[in-house]
1. I'd like the full set of residues that are under 13 Å from the mean Cα position of the chain (by Cα), exposed (fewer than 15 other Cβ atoms within 10 Å of the Cβ) and not in a loop (DSSP other than H, G, I, E, B), limited to segment 145-189.
2. Inside segment 26-43, can you point out the residues that are farther than 12 Å from residue 92 by Cβ and under 17 Å from the mean Cα position of the chain (by Cα)?
3. Restricting attention to segment 28-80, which residues are out of contact with any strand residue (DSSP E or B) (no Cβ under 9 Å at 6 or more places or on another chain) and touching a residue at least 24 places away in the same chain (Cβ under 8 Å)?
4. Could you tell me whether any residue of segment 14-22 is surrounded by fewer than 12 Cβ atoms within 10 Å (Cβ to Cβ) and touching a strand residue (DSSP E or B) at 6+ places or on another chain (Cβ under 8 Å)?
5. Does segment 144-176 hold any residues that are out of contact with any strand residue (DSSP E or B) (no Cβ under 7 Å at 6 or more places or on another chain) and touching a residue at least 24 places away in the same chain (Cβ under 8 Å), and which are they?
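Every number here is computed from the coordinates shown, using simple stated rules; none is lab data. Just so you know, these numbers come straight off a predicted model, no measurement behind them. Note that each Cβ is placed from the backbone with ideal geometry, even for glycine, and that neighbours are counted across all protein chains shown.
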């Protein structure tokens with residue numbers, strides 16, 4: 001008899017949300033118009049808004065409430081805990097713009113929601129967090145799969161929210177078309 005345990009598994013959760021994308025897109029573009037300079041964070045090219053609580057995102061947070069709750073229970077947190085979006089920002093990337101590897105320290109969960117995206121190659125890429133396994137990968141000992149791949153890609157599907165542990169390093173591949181996304185950090189309150 002062979003027994004198996006999966007230890008310290010990293011999970012990513014996602015859901016396609018039914019919310020008014022055109023209204024959110026118009027609000028995102030309005031924020032960019034009001035602050036054309038934006039800020040420089042992990043973005044190489046593109047535009048990154050200030051981090052704040054945007055009132056127009058309330059329908060997004062309401063629609064994703066069950067997904068967030070599911071994620072915290074799956075992470076092993078007490079189901080009665082309340083996790084709240086603490087800050088959000090808008091990313092607008094054009095041709096060849098991308099985001100460098102980064103994480104979101106100080107938060108429990110992070111999410112990305114795709115408002116406008118048609119380039120399925122402009123993926124969200126998660127980097128394997130286990131340093132020792134990475135050395136085996138580079139020595140060609142591993143067959144890449146969800147347990148051993150150096151990175152795992154998620155396509156930027158319009159209307160989809162992806163939630164992940166905030167400590168996971170990730171980056172965004174260059175885009176060949178305009179991509180508008182909203183990122184959010186969540187904390188237990």
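1. 153
2. 41, 42
3. Scanning segment 28-80 gives 56, 59.
4. Looking for residues that are surrounded by fewer than 12 Cβ atoms within 10 Å (Cβ to Cβ) and touching a strand residue (DSSP E or B) at 6+ places or on another chain (Cβ under 8 Å), one finds at least one in segment 14-22, hence yes.
5. Correct list: 155, 167.
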